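The values are calculated or read from the model by the stated rules, or taken from the named source; none is laboratory data. A quick note: this is a predicted structure, and the numbers were derived from the prediction, not measured. Note that we place each Cβ from the backbone using ideal geometry, even for glycine, and neighbour counts take in every protein chain shown. Side chains included, ligands, DNA and RNA excluded: accessible areas come from the protein's heavy atoms. Shrake-Rupley method; radii C 1.70, N 1.55, O 1.52, S 1.80 Å.
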Amino acid sequence: MAKIRVLPDILASQVAAGEVVERPASVVKELVENSVDAGAREVRIDVDKGGALLIRVADDGCGMNREDALLSLERHATSKLRTAAGLAAITTLGFRGEAVPSIASVSRFRMITREQDAVCGTELIVDGGVVRDVREAGCAPGTTIEARALFFNMPARRKFLRAETTEAAHIEHQLRLHALAAPSVRFRFRKDDREVFDLPAVARPIDRVRQFLGVELAGELVSLGRTSGSGITVEGFVLPARHARRGRRHQCVFLNGRPIEDAAVSRGLTEGFRGAISDGLHPSAWLWIEMDPVLVDVNVHPAKREVRFHRPLELKDAIAGALAAALRSPAPANPPAAPTAARPLHHAFRPAQPSLAEWKPTPEPGFTGPPPQPDDPPAAPKTNAPNFRTIGILLDRYVILESTEGLVLFDPRAAHERILYEQLLHAPAEAAAQGLLVPVTLELDPRDHDLVLRERGALEDAGVEVGDFGGRSVQIHSLPACIRADDPRAFIGGLLDELLHSGAPGPRFAAERIVRLLARRAAFPIVPRLAEIPALLEKLFACELPYCAADGRPTLTEYSLKEISRRLSNS
């Protein structure tokens, strides 16, 4: 008996669906791509229960006749590819002919379609890949496809679907990408009978970006003028370096109208911002790239998310060049100080100044709460701090101290981080938070919004009170009482971004990790002042672990006289 057999058509379609249909968002992606390829001017998307119960995509495109509608259910049947030569120059979003039969094989499927000049349309009913009914139907021109009970016949796949809110967030993210890729198309998205967005068609990509960003952020966009060279055309928009974030979710890249992810593009963006953003951060950008289809292979990923460029270095250089030119502008009215590395050596030190009164944190103007009460001066203060003599400040960053053993470099930022970390860890829950006078509203990526709301209990335990503000927005009502933040919006935005996208091992919202990040972000902008150093050392050596910050960085580093003599000796 033969060991090798040809799979039945339905089973083969279900196997193919494993690559094409990863989750409900994959179904939406494939159907919306077909709608755009069909010349639709409006696409309407409805989902229920995160897409597991219902996905409906309706368009006003060219539609199909009865014969084409039946052929669309056959594997590898497509109107977009005729010859092998055409595979090297794909200009449409879909071309394999696998999406519709794959979706139909794992759902209760219904298609109703009509050509523009036809008298009536065609309705197809498919149940798990088996055609149940084909009949004439009255409908508007275009195509409507419904996929109900996704993976009803594949329980192993269905149980791996995430929570409804998570799946809906992935669908919304996918739709926003397609809306940016095709600004001339109107997109309407409804979730559980509630309208999420209705984006009218616009003439320019910038208008679509503004629909998502809002007036405030859109006013900061930097335009990359349309630049061409080596068969590559690049245009788009970026936000200034201060809006750089961890992860690349804020980078939307479109190649010949197709949303893509590619390392060469990300490297080009990072190189264009060379020196302006820290390692591990990525700029926010919206790029539209056009190039000859023969220069790119779009058939290298089952879900068509990734592509392969034949000349990736040229693309990277084109993006970096366009970005560098856009960021190059006349000097500002108040130019920033020259980098410290360029200062003459004698400016690297500041002489010690007379000590002032013990430094105390000033109350944060963005917070409510009782003013701090003055401490009674102790009659004979005791200290665990070593006997240091302050010499000066190095490069506005480190403090130079003299000890009985030699020279000590002190990092006030790391010291503040250790002090805040232990204060946050040991603060009682009822005293951990202090309300903001004006709550901070942040708009998040749909997937991030869902995760933050699900984990807001952990944030509230650390003193960060989070509430749902509708849509993709959250509202922050409080911060820990010991945190000083001159710009609460930037502080909270950076904190959430690092929690969501830093890629650190372990649970993202573990209590210790939240506290550590809060302390680090609060300490980061601190600039040392000599008058504050004695009091800061007192507080540091009152901590349980004074010699290291929350992440293990040293707060002080000592250079003994013996080591200094060895380095400076002639031998």
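If you scan the range 234-250, which residues turn out to be under 16 Å from Ala322 (Cα atoms) and open to solvent by 20 Å² or more (accessible area, probe 1.4 Å)? First the steps, then the outcome.
In the first step, residues of the range 234-250 are kept if they are under 16 Å from Ala322 (Cα atoms); the result is 234-241.
Glu235, Phe237, Pro240, Ala241, listed by residue number.
Residue-by-condition table, conditions (1) at pLDDT 90 or above; (2) assigned to a loop (DSSP other than H, G, I, E, B); (3) over 29 Å from Lys191 (Cα atoms):
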residue: Met1; (1), (2), (3): no, yes, yes
residue: Ala12; (1), (2), (3): no, no, yes
residue: Lys29; (1), (2), (3): yes, no, no
residue: Gly39; (1), (2), (3): yes, yes, no
residue: Leu87; (1), (2), (3): no, no, yes
residue: Thr91; (1), (2), (3): no, yes, yes
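In a loop (DSSP other than H, G, I, E, B), closer than 23 Å to Leu281 by Cα and out of contact with any helix residue (DSSP H, G or I) (no Cβ under 8 Å at 6 or more places or on another chain) - does that describe any residue in the range 216-223?
In the first step, residues of the range 216-223 are kept if they are in a loop (DSSP other than H, G, I, E, B); the result is 219-221.
After this cut, where a residue has to be closer than 23 Å to Leu281 by Cα as well, the list is 219-221.
Still in the list and also out of contact with any helix residue (DSSP H, G or I) (no Cβ under 8 Å at 6 or more places or on another chain): 219.
Scanning the range 216-223, I find at least one residue that is in a loop (DSSP other than H, G, I, E, B), closer than 23 Å to Leu281 by Cα and out of contact with any helix residue (DSSP H, G or I) (no Cβ under 8 Å at 6 or more places or on another chain), so the answer is yes.
Per-residue answers, yes or no, for (1) at pLDDT below 90; (2) closer than 25 Å to Phe273 by Cβ; (3) in contact with a Cys (Cβ under 8 Å, 6 or more places away or on another chain); (4) open to solvent by less than 20 Å² (accessible area, probe 1.4 Å):
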| site | (1), (2), (3), (4) |
| --- | --- |
| Met154 | yes, no, no, no |
| Glu167 | no, no, no, yes |
| Phe189 | no, no, no, yes |
| Arg208 | no, yes, no, yes |
| Gly214 | yes, yes, no, no |
| Leu217 | yes, yes, no, no |
| Thr227 | yes, yes, no, no |
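Could you grab me the full set of residues in the range 529-571 that are of a type in the set (Asp, Glu), in a helix (DSSP H, G or I) and exposed (fewer than 15 other Cβ atoms within 10 Å of the Cβ)? I'd like the intermediate steps shown before the answer.
Let us first name the residues in the range 529-571 that are of a type in the set (Asp, Glu), namely 532, 538, 544, 551, 558, 563.
When the remaining residues are screened for being in a helix (DSSP H, G or I), the result is 532, 538, 563.
Listed by number, the list holds a single entry, Glu563.
Name the strands (runs of 3 or more DSSP E) wholly inside the range 102-183 in which the number of residues that are of a type outside the set (Ser, Thr, Tyr) and farther than 30 Å from Phe212 by Cα is 3 or more. Quick ask: steps written out before the conclusion?
Numbers: elements: 108-114, 121-127, 130-137, 142-148.
Strands (runs of 3 or more DSSP E) meeting the threshold: 108-114, 121-127, 130-137.
For the range 269-305, which residues satisfy the criterion of being under 18 Å from the mean Cα position of the chain (by Cα) and over 22 Å from Asp497 (Cβ atoms)?
Arg305 - this is the single residue of the range 269-305 that is under 18 Å from the mean Cα position of the chain (by Cα) and over 22 Å from Asp497 (Cβ atoms).
Does Ile526 satisfy the condition of being β-branched (Val, Ile, Thr) and either surrounded by 14 or more Cβ atoms within 10 Å (Cβ to Cβ) or assigned to a loop (DSSP other than H, G, I, E, B) (or both)? Steps first, please.
Working: β-branched (Val, Ile, Thr): yes; either surrounded by 14 or more Cβ atoms within 10 Å (Cβ to Cβ) or assigned to a loop (DSSP other than H, G, I, E, B) (or both): yes.
Spelling it out, Ile526 is indeed β-branched (Val, Ile, Thr) and either surrounded by 14 or more Cβ atoms within 10 Å (Cβ to Cβ) or assigned to a loop (DSSP other than H, G, I, E, B) (or both).
With the checklist (1) in contact with an Asp or Glu (Cβ under 9 Å, 6 or more places away or on another chain); (2) open to solvent by 20 Å² or more (accessible area, probe 1.4 Å); (3) at pLDDT 90 or above in hand, flag the one item Leu161 doesn't pass.
(3)
Within the bounds of the range 109-124, is there any residue that is open to solvent by 10 Å² or more (accessible area, probe 1.4 Å), of a type in the set (Phe, Trp, Tyr) and farther than 17 Å from Glu42 by Cβ?
no
Among the listed residues Arg529, Arg489, Arg472, identify the single one that is more than 24 Å from the chain's Cα centre (by Cα) and over 18 Å from Leu424 (Cα atoms). Can you show your working first?
Working: Arg489 fails: more than 24 Å from the chain's Cα centre (by Cα); Arg472 fails: more than 24 Å from the chain's Cα centre (by Cα).
It is Arg529.
Based on this model, can you work out whether Ala104 counts as modelled with pLDDT under 95, of a type outside the set (Val, Ile, Thr) and over 25 Å from Glu306 (Cβ atoms)?
In short, yes.
Being among the acidic types (Asp, Glu), farther than 23 Å from Arg208 by Cβ and either modelled with pLDDT under 85 or not in a helix (DSSP H, G or I) (or both): is that true of Asp317 here? Steps first, please.
Values: among the acidic types (Asp, Glu): yes; farther than 23 Å from Arg208 by Cβ: yes; either modelled with pLDDT under 85 or not in a helix (DSSP H, G or I) (or both): no.
Spelling it out, it is not the case that Asp317 is among the acidic types (Asp, Glu), farther than 23 Å from Arg208 by Cβ and either modelled with pLDDT under 85 or not in a helix (DSSP H, G or I) (or both).
Which of the residues belonging to the range 194-206 are open to solvent by 30 Å² or more (accessible area, probe 1.4 Å) and either within 21 Å of Asp46 (Cα to Cα) or assigned to a helix (DSSP H, G or I) (or both)?
Matches in the range 194-206: Arg194, Glu195, Val196, Asp198, Pro200, Ala201, Pro205.
Taking Gly552 and the conditions (1) more than 22 Å from Glu498 (Cα to Cα); (2) without any contact (Cβ under 8 Å) to a residue 12 or more places away in the chain, which numbered condition does it fall short on, given that it satisfies the others?
So the condition that Gly552 fails would be (1).
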